[in-house]
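Heads up: the structure comes next, in structure tokens.
The values are calculated or read from the model by the stated rules, or taken from the named source; none is laboratory data. Just so it is clear, the model here is predicted, and its values are computed rather than measured. Reconstructed Cβ throughout: ideal geometry from the backbone, glycine too, with neighbour counts over all protein chains shown.
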Amino acid sequence: MKRDCPKWKKESDDKHDASSKTVNMVQNENSDCSDGDMLYISTTQFTDAWILGSGCSYHITPNRKWFSTYMSVNFGSVYLGGDRCCNIVGIGEVGINMYDGTVITLCDVRHILDLKKNLISLGTLHKNGLIPKADEGKETIRIVKGALNVMKGKITAGNIYKLLGSTIVGGAHSAESYDDNTKLSHMHLGHLSERGMVELHKRNLVHGFISCKLDFCEFCVLGKQTKVSFTTGKHKTKGILDYVYSDV
């Protein structure tokens, strides 16, 4: 039979080897492209963005112009992954405009010239009472304090959480802000209910919504006005004329 022929076996083995080499070469080429793409993502997308991470001890940025308050210092240092020492040259506060229009201030941010990325320390946030929570089934992470969402980050192609927000520099935003204006419009409309916002969105009376889903609003809860209806009074008296009302 043909499969028992030594010549046919040799030709089949040669074809199999050639096919394996071709497959390996294609895989290597794809692997090189992926590494290049990842390097491109790492060097271009995070220049003006904030990265949420647990591998840093402090909030860190190399951008001096981002600080709203600043004090030059000559103490302390941090070590990078390759044990390279970087000196801390300043410390101060940085304002960030969040995805929902609220403004927060990062305190005790270290200014390090040798660093190329802007880092927010999850450990520092946790120490100050803010808890990181990953959303199940979603590619986001929330930084909460009680029931209040303080920050939100979204995972990128390199499995890094990027903050949804923009740095405030002299009243301007240096990074691209999140384009969902749901919470901002909710506040502009006098803290309108979620049902009311859905109705306005259906009638095309408001724009800029990705979804009409509202997160917890502290102002709505603390400033909520309720009307308690009158209930039937309960009395312990059983006999006639136990209660006597008179107009004196």
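Please specify each residue of segment 54-77 satisfying the condition of being assigned to a strand (DSSP E or B) and farther than 13 Å from Thr124 by Cβ. Thr61, Phe67, Ser68, Thr69, Tyr70, Met71, Ser72, Ser77 - these are the residues of segment 54-77 that are assigned to a strand (DSSP E or B) and farther than 13 Å from Thr124 by Cβ. Checking each residue of segment 14-33 against the condition of being at pLDDT 60 or above and surrounded by 10 or more Cβ atoms within 10 Å (Cβ to Cβ) gives no match.
Being under 30 Å from Lys117 (Cα atoms), at pLDDT 75 or above and hydrophobic (A, V, I, L, M, F, W, C) is a condition met by at least one residue of segment 167-177.
This table checks each residue for (1) surrounded by 13 or more Cβ atoms within 10 Å (Cβ to Cβ); (2) not β-branched (Val, Ile, Thr).
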{"site": "Tyr79", "(1), (2)": "no, yes"}
{"site": "Gly82", "(1), (2)": "no, yes"}
{"site": "Ile131", "(1), (2)": "yes, no"}
{"site": "Leu148", "(1), (2)": "yes, yes"}
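On inspection, Cys85 passes the criterion of being modelled with pLDDT of 80 or more and over 21 Å from the mean Cα position of the chain (by Cα).
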